[in-house]
Amino acid sequence: MLFPGIINGNIFITIQPPRGYLENIEKLYHDFYLSPPHNYLAHYRWIKEVFGADALIHVGKHGSLEWLPGKALGLSGYCYPDLAIMDLPNIYPYIINDPSEGTQAKRRSFCCIIDHLTPVFTKAGLYEDLASLENLLKEYADALREDPGKIPILRPMIWQAATKADLDKDLHVTEEEAFSDFDGFLERLHGYLAELSDTMINDGLHILGVPPEGDELTEYAVQLTRLPNGQTPSLREAVLRAMGYEYDTLIEALGKVVPGSKGRSGAEIIEEAHATAIALVKDLIANTASQYNGDDIVENHLGVRDTRVEKVLDYIRSDLVPRIKQTRDEISAILAGLSGSFVTPGPSGAPTRGQADILPTGRNFYSVDPGKIPTRAAWETGKRLANALLERHLAETHGRYPESIGIIIWGGPTMRTRGDDIAEILYLMGMRPVWARGSGDVTGLEVIPLSRLKRPRIDVVARISGFFRDSFPNLVELLDNAAKMAAALEEPLESNLIRKNALADVEHLTKAGMGREEALREATFRVFGCPPGTYGAGVAELIESKNWKTREDLANNYIRYSAHAYGAGSYGTQKISTFRNLLSRMELTVKNEDSREYDMMSCTDFYNYYGGLIAAAGSVRGELPLAMVGDSADPRRIKMRSTLEEARHVLRSRLANPKWLAGMKRHGFKGAGDISKMMDVVLGWDATAQVIEDWMYERLAEKFVLDPEMQRWMKGVNPYAMENILDKLLEAIERGMWNASDEMKIRLRDAYLETEGEIEEVTE
């Protein structure tokens with residue numbers, strides 16, 4: 001059944017149940033073709049035939065309807081989405097930065113999308129232990145200049161503050177190592193704190209039809225102009241240039257004193273530039289159109305006039321802010337859809353990734369032209385991603401290239417970036433797209449000579465999502481052709497790892513009785529996913545239902561779901577032995593995030609697909625691969641972190657951040673539910689990839705459910721959310737994933753029993 005709806009006139013509004021809603025039906029746990037129970041379909045029948053709805057509004061993306069078994073598009077009367085929705089008009093408010101799932105909803109539930117704004121984004125900043133440590137670092141810098149006698153006192157204080165915040169674990173440094181080169185330790189520490197502080201996070205949730213105002217609008221406008229938007233420069237970089245600095249130079253010196261800066265570090269100068277940008281935009285928004293004078297505003301805050309800064313401010317005033325204010329159209333667009341009127345189409349994407357021009361919202365968004373992927377711009381970003389990934393592996397393995405790389409490919413990032421991940425795979429293999437003149441369509445591939453590549457061709461295995469399979473058959477073919485072309489090149493095996501592995505597999509298969517041509521085809525499959533007509537990876541269902549005992553259980557189910565080869569001669573044929581063979585070589589895995597609008601803790605899909613791949617490779621190999629997360633939120637400045645480093649980064653910058661929690665608390669029941677869901681994701685990541693350490697569990701427990709003020713709030717607005725968080729924390733302890741103290745166990749159990757008792761009293 002669906003979650004209860006809100007009846008309004010002859011419109012039925014229903015909150016979309018999450019995709020994990022059906023996993024409690026035990027007999028369906030291992031069924032690829034997860035069909036809905038009879039009451040799921042009956043509820044839609046009731047909406048149409050008993051209540052007599054003229055239209056239906058699905059509220060909340062990531063629902064289950066559009067992911068039910070059936071054809072990818074052009075559904076028949078035997079496909080479950082069609083059986084459920086029938087001919088009911090379907091209005092679907094959808095966040096603008098998720099074109100893939102919105103496109104899926106169009107194709108498979110016949111909806112009219114009404115896109116809506118993202119949450120307001122803000123700078124994470126530092127808090128509590130991190131802020132105290134930053135103050136000590138500033139005091140140390142002052143002492144160096146003015147009172148060197150304090151240095152011996154401050155050094156142990158800084159170390160104690162760093163260990164109290166568990167930053168020694170993040171930086172992999174011991175006390176002996178820190179004090180042997182304390183200035184070097186401080187440089188790393190200061191740079192790390194600066195990176196955490198400067199991370200973009202969401203500040204609460206978006207309320208449909210309500211544009212941000214006041215300080216929220218100011219902060220949002222600054223984040224939307226953090227990168228260049230078309231011909232409009234980056235506000236941050238323009239301010240820094242007006243101050244006499246280059247952004248990239250400062251990034252390289254986050255923890256160092258910058259020459260000619262009066263003893264300030266790169267991080268401190270960037271922080272000053274951000275504060276100046278906030279002041280500029282706040283002053284700008286406060287002025288009416290008749291009072292606006294960009295020259296005066298810039299001179300008042302920077303002491304000089306600067307055409308680049310003025311150009312950004314004029315863009316914000318005359319273009320960006322009016323687009324944001326049109327957020328009010330989200331409601332009128334829904335009403336237009338319900339009245340059968342035309343809803344204006346518009347683009348989709350990540351507005352903070354230099355795509356602010358996709359606004360305003362309140363439109364029926366569209367996605368991309370698959371034939372133009374990867375674009376030339378995506379090709380350049382893909383090369384940077386590939387180089388950063390290989391550089392990290394070379395550093396971790398003392399100069400050795402990986403035997404094989406596993407990469408997760410989703411439709412959403414492919415649409416938002418126009419093919420960064422596809423370009424990365426091609427470049428790793430030593431292939432280059434061929435673009436048609438004029439149109440920019442990708443017409444084929446060409447081989448990059450080894451003399452130009454200056455490294456081996458890398459063997460890459462792509463695990464694609466079901467939506468990617470349905471939406472980009474041309475890219476599946478492109479990747480398949482790239483692998484076959486590389487394997488056919490007459491090159492030294494040490495310079496062509498695809499050929500090396502393929503020939504080894506051909507030899508093994510032919511010895512087992514397979515014909516050489518068939519063996520060659522089998523040995524060159526490099527694109528795998530779930531079966532045709534299905535979606536998912538088989539891991540989240542087990543974890544959320546607690547229907548697993550060991551990581552082997554999760555790995556084996558992931559392999560069952562994922563071992564379906566796509567390419568010439570195979571449209572989703574299950575090839576478990578072939579997939580396991582590829583996993584056995586998988587030394588390195590990666591999933592890229594193209595925007596800080598999302599991160600690895602955003603929803604269960606992240607651990608379901610990527611955590612599952614890590615677990616599967618670890619199960620077959622006997623040890624976990626080196627697992628990386630690529631960050632291309634700023635495509636010109638790629639960052640590459642391990643999954644453990646990224647988990648720590650997300651926990652510190654967002655999950656344990658009072659600013660993020662305060663934003664969620666503004667939204668009552670929904671905010672508490674979203675906080676609770678984060679605990680589900682944390683547990684899933686630890687179950688699959690072992691990236692959650694004891695101190696991380698402890699901090700989340702203290703923040704989410706053991707803090708007295710948080711307890712009172714959560715019990716008041718959503719005690720079920722609190723019960724779920726406590727349940728997940730206790731499960732982590734019971735499974736041996738968290739080595740909690742006896743005191744912590746007692747506190748959590750007491751809190752769980754108390755919450756459960758209060759819920760029973762309310763529901764009796």
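Kindly provide the helix-only [θ] at 222 nm of the chain, computed as the sum of -39,500 (n - 2.57) over DSSP H runs of four or more divided by all residues, to the nearest 500 deg cm²/dmol?
Working: 35 runs with 382 residues, N = 764.
My calculation for the chain gives -15000 deg cm²/dmol from helical runs alone.
Considering all alpha-carbon pairs of region 656-763, what whole percent are spaced by more than 22 angstrom?
Numbers: 1546 of 5778 pairs.
Counting every Cα pair in region 656-763, those more than 22 Å apart make up 27 percent.
Given the alternatives (1) 216; (2) 186; (3) 162, volume of the Cα convex hull per residue in Å³ as computed for this entry is given by (2). For residue 593, the amide hydrogen comes within under 5 Å of the amide hydrogens of 630, 631, 632, counting only partners 5 or more places away or on other chains and with H modelled in the peptide plane. In this rough spin-label picture, where each label sits 7 Å from Cα along the Cβ direction, the residue 299-residue 731 distance is 6.3 nm. For region 294-324, backbone nitrogen atoms closer than 19 Å to the point 7 Å from residue 243 Cα along Cα-to-C-beta are found at 297-313. Amide H contacts for residue 573 (H built 1.01 Å from N in the peptide plane; partners 5 or more residues away or on another chain; cut-off under 5 Å): 565.
Taken about its Cα centre, the chain carries a charge dipole of roughly 2320 debye when the Cβ of each Lys and Arg holds +1 and the Cβ of each Asp and Glu holds -1.
Pairs over the 29 Å Cα-Cα cut-off, from the set 61/715; 169/670; 71/591; 282/372; 123/262; 123/164: 169/670; 282/372. Each Lys and Arg Cβ is given +1 and each Asp and Glu Cβ -1; about its Cα centre, region 664-764 then shows a dipole of about 500 debye.
DSSP finds beta bridges in region 414-540, and of those with both partners inside it, around 60 percent are antiparallel.
Restricting region 211-289 to trypsin sites (Lys or Arg not before Pro) that sit in a DSSP loop and have at most 11 other Cβ atoms within 10 Å of their own Cβ leaves 262. Over the C-alpha trace of region 126-197, radius of gyration and Dmax come out as 11.4, 32 angstrom.
Of the options 327, 67, 691, report the single residue whose Cα projects farthest towards the positive end of the charge dipole of the chain (beta-carbon charges: Lys, Arg +1; Asp, Glu -1). Sorting the options by dipole projection puts first 67.
For each of 454, 138, 71, count neighbouring Cβ atoms within 10 Å of the residue's Cβ, then give the residues from fewest to most.
Numbers: 454 8, 138 13, 71 16.
Going from sparsest to densest Cβ surroundings: 454, 138, 71.
Amide H of residue 111: which non-local residues (sequence gap of 5 or more, or other chain) have their own amide H closer than 5 Å, using H built in the peptide plane? When sequence neighbours closer than 5 places are left aside, the close amide H contacts are 106. Each label point was placed 7 Å from the Cα along the Cα-to-Cβ direction; for residue 147 and residue 35 their separation is 7.7 nm.
Setting aside same-chain residues fewer than 8 positions from residue 745, which lysines have a Cα under 17 Å from its Cα? The qualifying lysines are 703, 728. For the chain, DSSP calls about 45 percent of its internal beta bridges antiparallel. Checking the a/c ratio against 1.5 first, then a/b against b/c, what shape does the Cα gyration tensor give for region 370-644? Rounded shape, in that the Cα axes give a/c under 1.5. All alpha carbon pair distances within region 80-161 were sorted into 10 Å bins beginning at 0; the resulting P(r) in whole percents reads 15, 23, 12, 9, 13, 14, 10, 3.
Taking 0.36 nm per residue of sequence separation and subtracting the Cα-Cα distance, how much length would be gained by fully extending the chain between residue 78 and residue 568, in nm to one decimal?
On the way: separation 490, 0.36 × 490 = 176.40 nm, distance 2.79 nm.
Taking residue 78 through residue 568 to full extension adds about 173.6 nm, to one decimal.
The distance linking region 272-345 with region 564-639 is 39 Å (Cα centroid to Cα centroid, whole angstrom).
Dipole check for region 215-373: with +1 at the C-beta of Lys and Arg, -1 at the C-beta of Asp and Glu, and the Cα centre as origin, the magnitude is about 280 Debye. Of the residues 462, 199, 663, the one whose Cα sits farthest towards the positive end of the charge dipole of the chain is 462 (charges of +1 on Lys and Arg Cβ, -1 on Asp and Glu Cβ, taken about the Cα centre).
No lab work stands behind these numbers, since they all come straight from the coordinates. Just so we're clear, the structure is a prediction, and the values are computed from it rather than from any experiment. We place every Cβ from the backbone using ideal geometry, glycine too, and count neighbours over all the protein chains shown.
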